[in-house]
Amino acid sequence: MTQKANVNKVYKLTRDRAPLSLMLPSRNTRRSPFMYFDTKKNQNRPLRYAVNQKSPFEDEQDDNAIVEPIIFEHGMLTVLGTNPALQEFLHYHPLNGSTFVEVDTKKDASKELETINFEVDALIAAKGLDVEDVERVARVMLGKDVSKISTTELRRDVMVYARTNPKELLSILDDPMLTLRANVSMFIEKSLLTIRNNGKDVYFNLPNNKKRMLTVPFGEDPIFITASYLQSDEGIETLKLLEKHMEE
């Protein structure tokens with residue numbers, strides 16, 4: 001690996017909640033083999049970080065290697081450009097990309113900007129919703145019983161959702177099934193349909209019909225599955241029946 005001189009590098013742990021400190025394996029032992037597969041030489045080469053050696057590979061080091069621990073503090077590790085040996089060692093480290101990664105400030109800034117743009121777009125879209133669409137989103141995405149909440153509270157909740165889940169909000173607004181999914185939520189609110197058996201079955205709850213309407217596939221959302229059924233050729237008459245009871 002060719003290192004750029006005097007370039008400081010920052011590394012971070014990939015886990016969301018980093019420990020106060022974490023010691024990274026820094027040498028190969030019989031009990032814990034620590035290797036890098038060299039494709040050019042077609043062999044595994046033992047790794048070892050030594051502060052007085054230029055190479056991270058044991059077979060290129062002398063017998064006077066001074067091994068020091070590598071410790072992440074609060075999930076972060078800064079390696080100065082004056083320590084290219086450690087930078088190279090971390091480049092070849094087997095845990096690079098899984099336990100830790102090098103911080104790419106340009107890439108991180110690009111991702112952050114993308115997130116901000118999604119958030120702005122979602123907030124603008126949420127602000128422009130009419131009352132009916134606000135209620136639909138509140139039913140589908142927030143599981144709200146809109147009959148018990150004021151329009152102002154619903155708008156606030158949808159705006160908060162847009163800020164914290166911008167991609168999801170934009171996606172649902174583009175979903176042609178939004179209205180139908182909202183209607184299914186309303187059928188459940190009005191007790192025309194009931195979800196039973198921990199979300200496994202959807203039943204009619206009509207005066208003359210208490211039968212099971214459908215079984216929800218494992219891991220699927222009951223409201224989405226019900227909406228999909230009601231827009232099918234088989235379920236269209238059921239939808240008309242439920243809409244008729246809603247008007248009564």
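Read-outs: derived from the displayed coordinates by stated rules, not from any lab. Worth saying up front: this structure is predicted, and the values here are computed from it rather than measured. In this analysis, Cβ positions are derived from the backbone assuming ideal geometry, glycine residues included, and neighbour counts consider all displayed protein chains.
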If I compute Kirkwood radius over Cα pairs in Å from the structure I just sent, which labelled value in (i) 17.9; (ii) 23.4; (iii) 18.5 lines up?
(ii)
Expressed as an acute angle from 0 to 90° and rounded to the nearest 10, what is the orientation of the C-alpha long axis of helix 178-189 relative to the principal long axis of the chain?
70 degrees
For Leu77, what is the net charge nearby, where nearby means another residue's Cβ is under 12 Å from its Cβ and Lys, Arg count +1, Asp, Glu -1?
0
Modelling each spin label as a point 7 Å along the Cα-to-Cβ direction, I'd like the Thr179/Glu220 distance in nm, to one decimal.
2.3 nm
Note on segment 177-248: the mean projected area of its alpha-carbon convex hull, in nm², is 4.6 nm²
Once you have the Kirkwood Rh of segment 105-175 from its Cα pairs, apply Stokes-Einstein at 4 °C and 1.567 mPa s and quote D in µm²/s.
103 µm²/s
Can you tell me the order of 139-147, 233-241 when each peptide is scored by its average per-residue count of other Cβ atoms within 10 angstrom, highest first?
139-147, 233-241
All other residues with a Cβ under 12 Å from the Cβ of Met177 taken together, and with Lys, Arg as +1 and Asp, Glu as -1, what is their net charge?
-1
What does the charge count near Arg155 come to, summing +1 for each Lys or Arg and -1 for each Asp or Glu among other residues with Cβ under 12 Å from its Cβ?
-2
Please report the Cα spread of segment 9-103 along all three principal axes, rounded to whole Å, starting with the longest.
36, 26, 25
Check: C-alpha center segment 169-200 vs C-alpha center segment 1-59, spacing in Å is 52 Å
